[in-house]
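One structure is given here, and the rest of the page talks about it.
The values are calculated or read from the model by the stated rules, or taken from the named source; none is laboratory data. Because the structure is predicted, anything quoted here is derived from the model rather than measured. Every residue, glycine among them, receives a Cβ derived from its backbone with ideal geometry; neighbour counts consider all protein chains shown.
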Amino acid sequence: MKTKIKKSISNIIVFAQVNIRKIAIIIVLEVLLLLLFRLPYLNVVGELFSFLLYIFIPILIVYLFKPKKEFFLYGAVALFIINIPFSILHMNFLKEIIGNLNYFLLWTYIILFLIEFKRENKKLH
Amino acid sequence: MKTFSKQKIIEFLVILAIGLIPLLWFQGDKIVLGHDAGLTLSPITHFQDRLHAWTYRFGYGGDQTYAISGFFIHGLEALISALNVNVQTVQKITFIFWFVLPGLTMFYLATYLEKKLRISHFVIPVSVLYMINHFLLQGWFVAERTKFSLYAALPLILGFLFKWQDRSISTVKTGLLISITLFFLNGMASLPLFGGMIIVLVVFAVFHLFEDSSFNAIKRLGKLIITTTLVSLFLNAYWLVPYASHLTSSFSNSVEFFGGLGGVLEWLNYLSQNSSFANIFTLQGIPEWYQNPDHPYAGVFLNNPILITVASVIPILAVLPLIVEKDPKSKKIIVFFMIVALVSMIFIAGSHPPFGLLYTLLFKYFPGFIVFRSPFYKFSPALIISYAVLIGYSFQYIRLVISQKNSQLGKGIYLSLITIVLLYSYPFLSGSFFDYIKNTRSMRVSVPQYIYDFEKWVGQKENTKNRILVFPPPNIDNKVDAYKWGYWSLAPLTTLLANNQIINESGYMSQNELTMTRKLYQLIDENDPSWIKLAQFLGIDTFLIRYDFAWDIKSSPTKNPKDYDQFLRSANLQKVKEFGEWHVYKIVPESSESDVSVFNSIALFKGEDISSITSLSVFDPQQALYIDDGPTKISYKIKDAISSIYIKPDCVMCDQQWTYTNYDNYTPLLRRGSVLYPIIKFQEAQSEKKVSRNPEALLKFYAEKSLSEILGFRKAVDENEPPQLLEGILGDHFNQLNKYKSATQNYIRNYQFDNENLLDIARLARAQRLVILEEIASAPKTWNSNTEPVIAALQKNFFEVNSIQSELEQAVWRSPDNFQKRFFVNLPSTADYTLLYRPNVNLDQNLPINISIDGVINTINPQRAPSGWLNLGNLKINEGNRKIEVVQPLVNEYRGDTQVKIQSTYQGNCYELGKIQGKKDDKYRLTFQYLRLNGRKDFSADFVNAMNSLNQFRGIETLNRESFEDQFIHDFIVTDKKEDTFIICNRPGAEDTLMQSTILVKDIVIAKLNVPELVLYSQKRPPSQTVRISDTKSSQAGYSVSLDGESNNQVLVLDQSFNENWKATTDAIKFKANGYANGWLLTENEKTFTVEYSTESLVRIGFVISGLSLLISLGYMLKSKKYEN
């Protein structure tokens, strides 16, 4: 068990080291978007279309990492678990952000599944 | 013949056994009643009433076309009741039916899915999850059978659709099955309740076309939609046909009922506050949990860490099937349900971010979407059905995985999970959800026997025609009907008892009906003998006094039933029956009980509050009143039939109160200094150009714009803008004021203005002047020499506004003080008018009253008439706009010394000036002159109810004028306490010196700010009755009367709430009579007069169409079954 955990952690570290630029791009772009939505007049857009912030992350992940669709499913489950303490401690702001992120991760999985499903269907025909 | 396996039978029996849970909810003889439940005490009578388009149960009668669709829901209750069982047994059977039905329909869908997904042990968890969850629990609190019916229909319909997709059943048969399902389980045709179903069906259609978008697939889907729609239309004709004629008016009315679009949006935002995705994922977004601090169990679920953890596991279990299912065909079904869940969440969240804007836009711009004003409650079924399937799948998967290692453990875990589902919704097991305010209010009540006794009595044929008024009336604001034995609801209890006309002040009445009913209560409260005339005018002949009414509830107080003891001793009343705490009285001598009466002529009424004229001695109850509401042209035949005129003009600003100006409505969003300001200026210039040809609109434009400009200045000051910018704003304001001034002068001098509009413009000028004064008075302390030009500009603008305001106030016709009461009237004809005046205050009887009409003064010694009216004599007055002024000799209510000197003391000292003994909400004005004679200690004044210590005293104004006498004016509204005292006090303070102070107070006047009534009465010709009713035949929605004599030009009135659909078969002109009823002026001699509520015939036609359609549909199904076999 210990070795498994160690292996997983080292895998994550290796992944982070290899993809540090891509991770940095995602973080920088997301922060930029956040800041942009705080500027006068643009904050109106941010307030009304707050879902843009959440859509942006899965799009960037798909574009930069091209992960398997299951990655989003596991990510969602992990976030559901992470959200438990926030729910118990009534940290509603964090709870809501994670909930929103979960929602878009699940949609990303569904969309990727449907694309694949359609492709397979076409092949069959 | 299909046979079921042993497992299926066991599963079926388990679901039935769980369906017996409602038996746990009934203790002793208690039944579920009140709140929004609509559960009735007499199911059969209630059902019979709902078969008709017109009901007598609410107010003065009303359309209930919307209720016919409740045929099956109420029919079921009536059917059970017909077995001669008591109300509790009816409820037990009904509740079990609605509790188990969703489980059985889900059993059908789950059995299909089990086969499709090639799994086992799936049916029970799915059905249990669908039957027992917090969404349904919230519905069970008010036994929402309408919601349950559609909720139960959803799995059936989805099951049919899956089978149709597999081509197991034909398109026509699927259409028929869906239509028949929705025929029996129709959600009482409440469109918003279809929210969840619409989502499931739309997702199904899109998903179906995504899989196969060939022309054939589209054609097949189109065929299904058309078949379902057509068959549904025919099957539901019994309510659709009459409803179609009612729909157009009812939709806009219901939007208005909820406060228009603005009110509905506010409600939406309020409900969506806690509908975040995080809460919805965990099924914790139920608005009631967060909004009701006394919720019986919400606190436990929101705060207990174990229950929060259980809730947090719910979405993980819902996602698990996506991870574990590998077979693409099975996964496709899982994905379908996940899509349904995700799409439904957008709608359930309502206006909550991140998709709140989308919902709000749909709300504003998508026609009809406004009905979904409570999104959580309407769209949740879609989420629950998908969660039930997904989590049910996870349960069987967990069982399978563990069973592979240890079969017994697998079974144990499986049963434990199902038990957790039951325990997680533990309020289901005790019925504690009915106790919606902990230890205070419950839906479970024991109904006293006398209520049932009253029900029996009132249902007897000889009593059905009585129109009964209840006492005490409910609280005027929230109209709650509550009893000491526990009933609490906005729906009056009497509407659940019988179909009689029992008048409760409720939201079902029109504004006119409500005003008149309130007036009747008021007259009775005041022991005004004219109550009997108004009661007869409203057709009320019986009174029900309820001594068990919970009149002293803090949130809905009303009058103590015992306060009516004196009224009930009235010579005009006779006690006819006593049922425990309910006593029934009747007016003696008894008047005609017929709903249709004959009147000898028409009297024209113009003005507000028709009920007050019934107390006039000149009022003839044999005349039907026709209300002239201005815009509608009076038909010439009605004009000819008018024999007298009553004009009741409004007293303009008699209470001396200006209408409140909400500055938020005028404060600009963008002002000078903003980059977008030029756009605003451009828009303003365009608007100015648009109204430039209309002097009144132009004046209003300047009044609003200049107020907005000065409020923009206030905003800039609050935001610490530099003096240069402030000066700039004031410069703009001054320019605006110049235009405003010339527009005012032009309008007042050259045009005949509308007094009401000018009064509104004067209000805006007054508000603007006040803002400038406040700005000058509260100039920030940081202002220095740099800001001097700003103050100077403010003062300059103040003088300009001041001159505009005086000009407007001089021109407008309004009561300038409490003595001169002014009326503005538009007379339809020149005639001799009798002037009747009711001051609603004590006048000095030794002094005459001066009345002037267009400046011509008449001094009159009035004659006293009943009910506080004064007859000011007859005057010939010309038609058209007339200005009337009454100068009334008011009595000074102050009885103390004419002049008093009040000295301060070190400990503080109070002096009592006078008491006010008024009615609640009466307004009084107190004025006096004062001067500080010596000392420095402050005095202040206030009205207090009772003061136990000086520390409680909160002065309203400091009296510290010492160089010259000043006048003190204070308006005061009487609270619900019976007596208030005006006192002047000095209080000990930290900085107090030993120096004594003295103030002189004199010329004290306390007078009621009265709003008098003036009626101008003129008789054109004496009326003559030439016909009488000899016989009346009636049904629920029709009357036929035989007429004796000459009926031409006579008036017949049906005293049911006015509705265009009440139609006479004879040639007659219809009008709204007496402010609420249906009146007809007969234009020819008739022997009989027949009226019918026209929608009633549509109901009959609809029932025939529905019945035939059902027979044809069932015939087709049987035939196709035979063919298949």
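So which pairs qualify, if the first residue must be in region A:28-57 and within 13 Å of another protein chain (Cβ to nearest Cβ), the second must be of a type in the set (K, R), the Cβ gap must be under 8 Å, and the two must be at least 6 apart or on different chains?
A:G46/A:R38
Hey, among the residues in region A:116-125 that are charged (D, E, K, R) and at the interface with chain B (Cβ under 8 Å from one of its Cβ atoms), which one's surrounded by the most Cβ atoms within 10 Å (Cβ to Cβ)?
Let us first name the residues in region A:116-125 that are charged (D, E, K, R), namely A:116, A:118-120, A:122-123.
Pick out the ones that are also at the interface with chain B (Cβ under 8 Å from one of its Cβ atoms) and you get A:118, A:120.
Details: A:K118: 13, A:E120: 11.
Checking each candidate, the answer is A:K118.
What are the residues in region B:872-897 that are at pLDDT below 90, of a type outside the set (G, A, S) and under 22 Å from B:Q845 (Cα atoms), if any?
Correct list: B:Q888, B:P889, B:L890, B:V891, B:N892, B:E893, B:Y894, B:R895.
What number of residues within region B:722-763 satisfy the criterion of being in contact with a Lys or Arg (Cβ under 9 Å, 6 or more places away or on another chain) and among the aromatic types (F, W, Y)?
2
Which members of region B:607-650 meet the condition of being in contact with a Gly (Cβ under 8 Å, 6 or more places away or on another chain), within 18 Å of B:L827 (Cβ to Cβ) and part of a strand (DSSP E or B)?
Selection gives B:L625, B:Y626, B:I627, B:Y646, B:I647, B:K648.
Give the number of residues within region B:318-332 that are more than 9 Å from chain A (Cβ to nearest Cβ), surrounded by fewer than 19 Cβ atoms within 10 Å (Cβ to Cβ) and either among the acidic types (D, E) or in a helix (DSSP H, G or I) (or both).
Let us first name the residues in region B:318-332 that are more than 9 Å from chain A (Cβ to nearest Cβ), namely B:318, B:321, B:324-327, B:329-330.
Narrowing the set further to residues that are surrounded by fewer than 19 Cβ atoms within 10 Å (Cβ to Cβ) leaves B:324, B:326-327, B:329-330.
From what is left, the residues that are either among the acidic types (D, E) or in a helix (DSSP H, G or I) (or both) are B:324, B:327, B:329-330.
Selection size over region B:318-332: 4.
Can you tell me which of B:K533, B:K554, B:K519 is of a type in the set (K, R) and assigned to a loop (DSSP other than H, G, I, E, B)?
Going through B:K533, B:K554, B:K519 in turn, just one is of a type in the set (K, R) and assigned to a loop (DSSP other than H, G, I, E, B): B:K554.
Every residue in region A:34-79 that is assigned to a loop (DSSP other than H, G, I, E, B) and surrounded by 12 or more Cβ atoms within 10 Å (Cβ to Cβ), please. Full working, then the answer.
Let us first name the residues in region A:34-79 that are assigned to a loop (DSSP other than H, G, I, E, B), namely A:37-41, A:49-50, A:66-69.
Passing the criteria: A:F37, A:F49, A:S50, A:P67, A:K69.
Report yes if B:L361 is farther than 21 Å from B:L154 by Cβ and within 14 Å of chain A (Cβ to nearest Cβ), otherwise no. Before the answer, list the steps.
Numbers: farther than 21 Å from B:L154 by Cβ: yes; within 14 Å of chain A (Cβ to nearest Cβ): yes.
It is true that B:L361 is farther than 21 Å from B:L154 by Cβ and within 14 Å of chain A (Cβ to nearest Cβ).
For region A:104-115: of the residues being more than 9 Å from chain B (Cβ to nearest Cβ) and surrounded by fewer than 19 Cβ atoms within 10 Å (Cβ to Cβ), which is nearest to B:S214 (Cα to Cα)?
Taking the candidates together, the pick is A:I115.
Can you give me the ranges of the helices (runs of 4 or more DSSP H) entirely in region B:271-316 with at least 3 residues that are surrounded by fewer than 22 Cβ atoms within 10 Å (Cβ to Cβ) and within 14 Å of chain A (Cβ to nearest Cβ)? Show your work before the answer.
On the way: elements: B:277-281, B:287-291, B:298-303.
It comes to B:298-303.
Quick one: in region B:123-145, which of the residues that are of a type outside the set (D, E) and part of a loop (DSSP other than H, G, I, E, B) is nearest to B:F434 (Cα to Cα)? Reasoning before the result, please.
The first filter runs over region B:123-145 and keeps only residues of a type outside the set (D, E), leaving B:123-143, B:145.
Imposing the further condition that a residue be part of a loop (DSSP other than H, G, I, E, B) reduces the set to B:132-133, B:141-143.
Details: B:I132: 16, B:N133: 15, B:F141: 5, B:V142: 8, B:A143: 9 Å.
Checked region B:123-145; the qualifying residue nearest to B:F434 (Cα to Cα) is B:F141.
Just need a number here: residues in region B:185-204 that are modelled with pLDDT of 95 or more and over 15 Å from B:S344 (Cα atoms).
Of the residues in that region, 1 qualify.
Kindly indicate which of B:V172, B:V200, B:V206 is surrounded by fewer than 16 Cβ atoms within 10 Å (Cβ to Cβ), in a helix (DSSP H, G or I) and of a type in the set (A, V, I, L, M, F, W, C).
Details: B:V172 fails: surrounded by fewer than 16 Cβ atoms within 10 Å (Cβ to Cβ); B:V200 fails: surrounded by fewer than 16 Cβ atoms within 10 Å (Cβ to Cβ).
When all the criteria are applied, what remains is B:V206.
Each row is one residue, and each column tells you yes or no for (1) surrounded by 21 or more Cβ atoms within 10 Å (Cβ to Cβ); (2) under 30 Å from B:E885 (Cα atoms); (3) polar (S, T, N, Q); (4) modelled with pLDDT of 85 or more.
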{"site": "B:L770", "(1), (2), (3), (4)": "no, yes, no, yes"}
{"site": "B:E774", "(1), (2), (3), (4)": "no, no, no, yes"}
{"site": "B:T782", "(1), (2), (3), (4)": "no, no, yes, no"}
{"site": "B:N850", "(1), (2), (3), (4)": "no, yes, yes, yes"}
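Which residue pairs have Cβ atoms under 8 Å apart, sit 6 or more places apart or on different chains, and have a first residue in region A:91-103 that is closer than 13 Å to A:L52 by Cα and at the interface with chain B (Cβ under 8 Å from one of its Cβ atoms) and a second that is part of a helix (DSSP H, G or I) and small (G, A, S)?
Matching pairs, first to second residue: A:N100/B:A278.
Going by the structure shown, is B:S706 of a type outside the set (F, W, Y) and surrounded by fewer than 19 Cβ atoms within 10 Å (Cβ to Cβ)? Before you say what the answer is, go through the steps one by one.
Values: of a type outside the set (F, W, Y): yes; surrounded by fewer than 19 Cβ atoms within 10 Å (Cβ to Cβ): no.
Here the answer is no, as B:S706 does not meet what is asked.
Looking at (1) within 28 Å of B:P102 (Cα to Cα); (2) within 12 Å of chain A (Cβ to nearest Cβ); (3) touching an Asp or Glu at 6+ places or on another chain (Cβ under 9 Å), find the lone condition where B:L390 falls short.
The failed condition is (3).
Going residue by residue through region B:375-388, is there one that turns out to be part of a helix (DSSP H, G or I) and more than 24 Å from B:L158 (Cβ to Cβ)? Spell out the reasoning first.
Of the residues in region B:375-388, the ones part of a helix (DSSP H, G or I) are B:375-388.
Right, trim to more than 24 Å from B:L158 (Cβ to Cβ) and you get none.
No, the conditions are met nowhere in region B:375-388.
Name the single residue, out of those in region A:80-90 being surrounded by 19 or more Cβ atoms within 10 Å (Cβ to Cβ) and either in a loop (DSSP other than H, G, I, E, B) or not polar (S, T, N, Q) (or both), that is nearest to the other protein chains (Cβ to nearest Cβ).
At the first step, the residues of region A:80-90 found to be surrounded by 19 or more Cβ atoms within 10 Å (Cβ to Cβ) are A:80, A:83, A:86-87.
Retained after the next criterion (residues that are either in a loop (DSSP other than H, G, I, E, B) or not polar (S, T, N, Q) (or both)): A:80, A:86.
Numbers: A:F80: 5, A:F86: 8 Å.
Looking at residues that are surrounded by 19 or more Cβ atoms within 10 Å (Cβ to Cβ) and either in a loop (DSSP other than H, G, I, E, B) or not polar (S, T, N, Q) (or both), I get A:F80.
Pick from B:F148, B:F107, B:F97: which is closer than 30 Å to B:S330 by Cβ and either assigned to a helix (DSSP H, G or I) or under 37 Å from the mean Cα position of the chain (by Cα) (or both)? Before the answer, list the steps.
Details: B:F148 fails: closer than 30 Å to B:S330 by Cβ; B:F97 fails: closer than 30 Å to B:S330 by Cβ.
Just one listed residue meets the conditions, B:F107.
Sort through B:I524, B:I476, B:I468 and tell me the only one that's of a type in the set (V, I, T) and assigned to a strand (DSSP E or B). Explain how you work it out, then say what you get.
On the way: B:I524 fails: assigned to a strand (DSSP E or B); B:I476 fails: assigned to a strand (DSSP E or B).
Among B:I524, B:I476, B:I468, only B:I468 is of a type in the set (V, I, T) and assigned to a strand (DSSP E or B).
Looking at region B:876-930 only, could you name the residues that are closer than 30 Å to B:T830 by Cα, out of contact with any Asp or Glu (no Cβ under 6 Å at 6 or more places or on another chain) and surrounded by fewer than 16 Cβ atoms within 10 Å (Cβ to Cβ)?
Of everything in region B:876-930, those that are closer than 30 Å to B:T830 by Cα, out of contact with any Asp or Glu (no Cβ under 6 Å at 6 or more places or on another chain) and surrounded by fewer than 16 Cβ atoms within 10 Å (Cβ to Cβ) turn out to be B:N878, B:E879, B:G880, B:N881.
Looking for whichever is closer than 20 Å to B:S612 by Cβ and loosely packed, with under 13 Cβ neighbours inside 10 Å here; the options are B:P866, B:P828, B:P839. Which one fits? Give the derivation first.
On the way: B:P828 fails: loosely packed, with under 13 Cβ neighbours inside 10 Å; B:P839 fails: loosely packed, with under 13 Cβ neighbours inside 10 Å.
Every option except B:P866 fails the conditions.
Please go through region B:349-368 and pick out each residue that is part of a helix (DSSP H, G or I), aromatic (F, W, Y) and modelled with pLDDT of 90 or more. Spell out how you get there, then give the answer.
Taking region B:349-368 as the starting set, the residues that turn out to be part of a helix (DSSP H, G or I) are B:356-365.
After this cut, where a residue has to be aromatic (F, W, Y) as well, the list is B:359, B:363, B:365.
Within region B:349-368, just B:Y359 meets the criteria.
Count, please, the residues in region B:34-59 that happen to be closer than 30 Å to B:N236 by Cβ and not in a helix (DSSP H, G or I). Full working, then the answer.
At the first step, the residues of region B:34-59 found to be closer than 30 Å to B:N236 by Cβ are B:35-59.
Pick out the ones that are also not in a helix (DSSP H, G or I) and you get B:35-42, B:50-59.
Within region B:34-59, residues that are closer than 30 Å to B:N236 by Cβ and not in a helix (DSSP H, G or I) number 18.
Counting only residues that are within 35 Å of the chain's Cα centre (by Cα) and part of a strand (DSSP E or B), which one in region B:960-983 is modelled with the lowest pLDDT?
Per the stated criteria, the residue is B:D980.
Going by what's in this entry, would B:F376 be described as more than 8 Å from chain A (Cβ to nearest Cβ), farther than 24 Å from A:Y109 by Cβ and surrounded by 24 or more Cβ atoms within 10 Å (Cβ to Cβ)? Talk me through it step by step, then tell me what you get.
Details: more than 8 Å from chain A (Cβ to nearest Cβ): yes; farther than 24 Å from A:Y109 by Cβ: yes; surrounded by 24 or more Cβ atoms within 10 Å (Cβ to Cβ): yes.
It is true that B:F376 is more than 8 Å from chain A (Cβ to nearest Cβ), farther than 24 Å from A:Y109 by Cβ and surrounded by 24 or more Cβ atoms within 10 Å (Cβ to Cβ).
Filter region B:1048-1087 for residues that are in contact with a Lys or Arg (Cβ under 9 Å, 6 or more places away or on another chain) and not in a strand (DSSP E or B); which is nearest to B:R467 (Cα to Cα)? I'd like the intermediate steps shown before the answer.
Step one: of region B:1048-1087, the residues in contact with a Lys or Arg (Cβ under 9 Å, 6 or more places away or on another chain) are B:1049, B:1055, B:1058, B:1060, B:1062-1064, B:1069-1070, B:1078-1081, B:1083.
Going one step further and asking which of them are not in a strand (DSSP E or B), we end up with B:1049, B:1055, B:1058, B:1060, B:1083.
Numbers: B:N1049: 28, B:D1055: 10, B:F1058: 16, B:E1060: 22, B:T1083: 30 Å.
Restricting to residues being in contact with a Lys or Arg (Cβ under 9 Å, 6 or more places away or on another chain) and not in a strand (DSSP E or B), the top hit is B:D1055.
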